[in-house]
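J.: What follows is a structure written as structure tokens; I'll ask about it next.
The values are calculated or read from the model by the stated rules, or taken from the named source; none is laboratory data. In this text the structure is predicted, and so the values were computed from the model without any measurement. Cβ: placed from backbone, ideal geometry, glycine included. Neighbour counts: every protein chain shown. Please note that ligands, DNA and RNA were not included when accessible areas were found on the heavy atoms of the full protein model with its side chains. Shrake-Rupley method; radii C 1.70, N 1.55, O 1.52, S 1.80 Å.
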Protein chains: 2
Amino acid sequence: MKKVAVVGIGCTHVAEHWDKSFRDLFSEAAWNCLDDAHSDKIDALYVGNMASGSFINQENIGTLVADYAGFDNIAATKIEAACGSGGAAIVQGYSAVASGLYDMVMVSGVEKMFDVDTAKTTAILAQAADAEYEMFYGASFVGLNALLARIYMKEYNLKHEDLARFAVHCHKYSKNTKHAAFKFEITLEQAMKSSVIADPLRLLDCSAIADGSAALLLCPFDRAKEFTDTPIELAGVGHAIDSIALHDRKNILGFDATTIAAKKAYNMAKIKAEDVDVVEVHDAFTILGLLDIEDMGFCKKGEAASFIKDGNIEQDGKIPTNLSGGLKARGHPVGATGVYQAYEIVQQLRGEAGQNQVDNAEIGVTQNIGGLGSNISISVFKR
Amino acid sequence: MKKVAVVGIGCTHVAEHWDKSFRDLFSEAAWNCLDDAHSDKIDALYVGNMASGSFINQENIGTLVADYAGFDNIAATKIEAACGSGGAAIVQGYSAVASGLYDMVMVSGVEKMFDVDTAKTTAILAQAADAEYEMFYGASFVGLNALLARIYMKEYNLKHEDLARFAVHCHKYSKNTKHAAFKFEITLEQAMKSSVIADPLRLLDCSAIADGSAALLLCPFDRAKEFTDTPIELAGVGHAIDSIALHDRKNILGFDATTIAAKKAYNMAKIKAEDVDVVEVHDAFTILGLLDIEDMGFCKKGEAASFIKDGNIEQDGKIPTNLSGGLKARGHPVGATGVYQAYEIVQQLRGEAGQNQVDNAEIGVTQNIGGLGSNISISVFKR
């Protein structure tokens, strides 16, 4: 298995891009990425995307975007694992380079969500859950997350503010993230007084839909110096599923798929949770931020709330978490999110994260969730 | 790069499966495949599927089907390349095993197309073309293929019967294919008198939509004997794109992506076109059958019609083609088709193709097209 390097990164702003099409967004991120690597050639493209068929009436998007961006004769494939599509695309890019099938592989994530009305968006996003046994009965994604939050709060005797603090944390850092959708701080009071969406989750517990695209350029590590002075190794990938429906889950106080994927990825990269210097986790709702840092082994089960309150996930804390702003404040263009996370971790490991830079960050990890904890990939990056 | 073997195959009948859900179809094919390999364990799953979001309101289908079939803790990913999704999934399965990332990899194709009305189906299938610049102007898939047929017939001075003969050929063999949708012969006269769909294409020039699922089990070749006495090597894969819209194409008398993908796959497998003993090509419309055998190097440009008429694609001919019945007569459950093709070629190489068996078949090839020749994968299998 060849060692794999990230030699280029690019992205668009996460925003409501009324003036740019799906293929425009891809091309902007893809060419930023190639410029970053001083290259203009790829052999293969993997596009993480959840629901182009429903959002923009378009399938065959691997071809669509590669054609528009001017990539001739390459292999191009869409990778779908709901909101975890971007992370799943990284796993495919990894195996394509590691196997020697291709040398120069672009992993992209793209989603354009604002071209349909909000009610339809809710229905499309619910397709990440079980359409027949959850969506049919009206269980929206925020509703299912609210159920998770309720049982977690009951089990560990927590209050809403223990969740809301995660959103406040994300907004504290997003103001310094160039590509973030929401570059402003919020107070705990604002979070706690925001409108109820699905009790106990309020508006500021929820990430926002968005348009956006991010891209990575991968190649064999032994060729990395042709493209960059600061190659970052993609040192481990883990990918695991759980039951798609929440009612079939053995454990609903966490996501077993996170634990399994983390174990695989950490083992492959020969690291332990305590070795990680910086992490981006999938906080589609604040409750997930808490579950994620527990499931990834950064603190014990049930202790995330106090772990966060004690400053452990801050820039100078034990495990700096979501310094990009996370899904909450960077924004969540669903199928693209996993690739944004990788972009942000690579920035950290290169020392290019500006005011959010973690000192001497050498090992960074991303965690990307599809469905309600049902399809999870974890990637480990090393300087 | 590890050598990769196919050690199990399974499929459902290609049909209107009113009594079976998407996940039922997957599970039937997946467990047939595992039974065939005397195994019950996989590490990862790649599901080729074009449009589950539109056909059954469901994304995250990797998780959905793996969960329902009882596969715990595995990695599961949907692969989309329009009607070429199944073939693209084989490429991903190949790299996943060849890299050493996983040992036991299932490649599945699933499509359930009859749960929506026919007008919507036409719109969904048109999403494989360019939604903004072709579909928007009313160019359906059959319409675009009719344009291809018209120019090809003009260039080479051919008649409709030269196309229709390909459909007659497919039906001649489908009657012996257990899983085929249309197990009966048709005459050239019937084909030529069938209703006009988009001139010059008539009803019997067109493949039919269908429900179905097929599956392959891949593993490193050096482990193959644990599972089967007749391992088949997946010896080469090639994958290439062209412009998504027909009007941007440099060449419309053939598909350049076929030629490029074939070259890649043949080179990887260290074979030439003349070494191929049996082939399944993507004849979504009869015109494609002719283009395919030219583009893959089995006859010269413009000579397919006489090549076919002279018996060269028959069971005992120079290059036995679509003895399963092909898309025309086996049926075309779009995202699953590429995996059905592989199932059929593996049967041939094992000597399990019954009345359609090609004597001493040692090298078999599949060609799977996404969009109108815009995303094409080719796989080479060896006994």
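J.: Quick one: which residue in B:Ala126, B:Ala89 is crowded, with 22+ Cβ neighbours inside 10 Å and more than 30 Å from A:Ser379 (Cβ to Cβ)? First the steps, then the outcome.
T.: Working: B:Ala89 fails: more than 30 Å from A:Ser379 (Cβ to Cβ).
Result of the check over B:Ala126, B:Ala89: B:Ala126.
J.: Among the residues in region A:349-366, are any open to solvent by less than 10 Å² (accessible area, probe 1.4 Å), within 12 Å of the chain's Cα centre (by Cα) and modelled with pLDDT of 95 or more?
T.: Within region A:349-366 (the criterion being open to solvent by less than 10 Å² (accessible area, probe 1.4 Å), within 12 Å of the chain's Cα centre (by Cα) and modelled with pLDDT of 95 or more), the answer is yes, since at least one residue qualifies.
J.: Oh, and also: Looking at the structure I just gave you, is A:Ala82 of a type in the set (A, V, I, L, M, F, W, C) and at positive phi?
T.: Values: of a type in the set (A, V, I, L, M, F, W, C): yes; at positive phi: yes.
In short, yes.
J.: Are any residues in region A:75-87 over 27 Å from A:Val281 (Cβ atoms) and either more than 7 Å from every other protein chain (Cβ to nearest Cβ) or touching a helix residue (DSSP H, G or I) at 6+ places or on another chain (Cβ under 6 Å) (or both), and if so, which ones?
T.: Filtering region A:75-87 down to residues over 27 Å from A:Val281 (Cβ atoms) leaves A:75-76.
A:Ala76 - this is the single residue of region A:75-87 that is over 27 Å from A:Val281 (Cβ atoms) and either more than 7 Å from every other protein chain (Cβ to nearest Cβ) or touching a helix residue (DSSP H, G or I) at 6+ places or on another chain (Cβ under 6 Å) (or both).
J.: Looking only at region A:180-230, which residues are in a loop (DSSP other than H, G, I, E, B) and surrounded by 23 or more Cβ atoms within 10 Å (Cβ to Cβ)?
T.: A:Ala180, A:Ala181, A:Ser207, A:Ala210
J.: Restricting attention to region A:96-123, which residues are outside any loop (DSSP other than H, G, I, E, B) and buried (at least 17 other Cβ atoms within 10 Å of the Cβ)?
T.: Here is the first cut: in region A:96-123, the residues outside any loop (DSSP other than H, G, I, E, B) are A:96-98, A:105-111, A:118-123.
Within region A:96-123, A:Ala96, A:Val97, A:Ala98, A:Val105, A:Met106, A:Val107, A:Ser108, A:Gly109, A:Val110, A:Glu111, A:Thr121 meet the criteria.
J.: Right, something else. For region B:53-70, check the following and say yes or no: at least one residue is touching a Ser or Thr at 6+ places or on another chain (Cβ under 6 Å) and touching a residue at least 60 places away in the same chain (Cβ under 8 Å).
T.: No: zero hits.
J.: Could you check how many residues of region A:240-257 are of a type outside the set (Gly, Ala, Ser) and more than 18 Å from A:Met135 (Cβ to Cβ)?
T.: Here the count works out to 7.
J.: Could you say whether any residue in region B:371-383 is closer than 20 Å to B:Ile90 by Cα, among the charged types (D, E, K, R) and touching an Asp or Glu at 6+ places or on another chain (Cβ under 8 Å)?
T.: Among the residues of region B:371-383, at least one is closer than 20 Å to B:Ile90 by Cα, among the charged types (D, E, K, R) and touching an Asp or Glu at 6+ places or on another chain (Cβ under 8 Å), which makes the answer yes.
J.: Provide a single number: the residues in region B:290-302 that are in contact (Cβ under 8 Å) with a residue 40 or more places away in the chain and either in a loop (DSSP other than H, G, I, E, B) or touching a Lys or Arg at 6+ places or on another chain (Cβ under 8 Å) (or both). I'd like the intermediate steps shown before the answer.
T.: Start the filter on region B:290-302 by keeping residues that are in contact (Cβ under 8 Å) with a residue 40 or more places away in the chain, which leaves B:290-292, B:294-296, B:301-302.
Right, trim to either in a loop (DSSP other than H, G, I, E, B) or touching a Lys or Arg at 6+ places or on another chain (Cβ under 8 Å) (or both) and you get B:294, B:296, B:301-302.
So the count comes out to 4.
J.: Output yes when any residue across region A:317-336 is open to solvent by 10 Å² or more (accessible area, probe 1.4 Å), without any contact (Cβ under 8 Å) to a residue 40 or more places away in the chain and within 24 Å of A:Phe184 (Cβ to Cβ), and no when none is.
T.: yes
J.: Which ranges mark the helices (runs of 4 or more DSSP H) fully within region A:1-95 that have 3 or more residues being within 18 Å of B:Gly370 (Cβ to Cβ) and touching an Asp or Glu at 6+ places or on another chain (Cβ under 9 Å)?
T.: Counting at least 3 such residues, we get A:61-69.
J.: Let me ask another. Any idea how many residues of region A:57-73 are facing chain B (nearest Cβ under 7 Å) and farther than 16 Å from B:Ser85 by Cα? I'd like the intermediate steps shown before the answer.
T.: Within region A:57-73, the subset facing chain B (nearest Cβ under 7 Å) is A:57-60, A:62-64, A:66-67, A:73.
With the extra rule that they be farther than 16 Å from B:Ser85 by Cα, the set shrinks to A:57, A:66-67, A:73.
Final tally of qualifying residues: 4.
J.: Hey, can you tell me all the residues within region A:129-157 that are of a type in the set (Ser, Thr, Tyr), touching a residue at least 24 places away in the same chain (Cβ under 8 Å) and open to solvent by 20 Å² or more (accessible area, probe 1.4 Å)? Before you say what the answer is, go through the steps one by one.
T.: Just the residues of region A:129-157 that are of a type in the set (Ser, Thr, Tyr), to begin with: A:133, A:137, A:140, A:152, A:156.
Going one step further and asking which of them are touching a residue at least 24 places away in the same chain (Cβ under 8 Å), we end up with A:133, A:140, A:152, A:156.
Residues satisfying the conditions are A:Tyr133, A:Ser140, A:Tyr156.
J.: Do you know which residues across region B:236-274 are more than 10 Å from chain A (Cβ to nearest Cβ), surrounded by fewer than 20 Cβ atoms within 10 Å (Cβ to Cβ) and farther than 30 Å from B:Ala139 by Cβ?
T.: B:Asn267, B:Lys270, B:Ile271, B:Lys272, B:Ala273, B:Glu274
J.: Please determine, by comparing only the residues of region A:115-146 that are among the aromatic types (Phe, Trp, Tyr) and more than 19 Å from A:Asp205 (Cα to Cα), which one is farthest from the other protein chains (Cβ to nearest Cβ).
T.: Filtering region A:115-146 down to residues among the aromatic types (Phe, Trp, Tyr) leaves A:133, A:136-137, A:141.
Then keep just the ones that are more than 19 Å from A:Asp205 (Cα to Cα); that gives A:133, A:136-137.
Values: A:Tyr133: 10, A:Phe136: 9, A:Tyr137: 14 Å.
Among residues in region A:115-146 that are among the aromatic types (Phe, Trp, Tyr) and more than 19 Å from A:Asp205 (Cα to Cα), the one farthest from the other protein chains (Cβ to nearest Cβ) is A:Tyr137.
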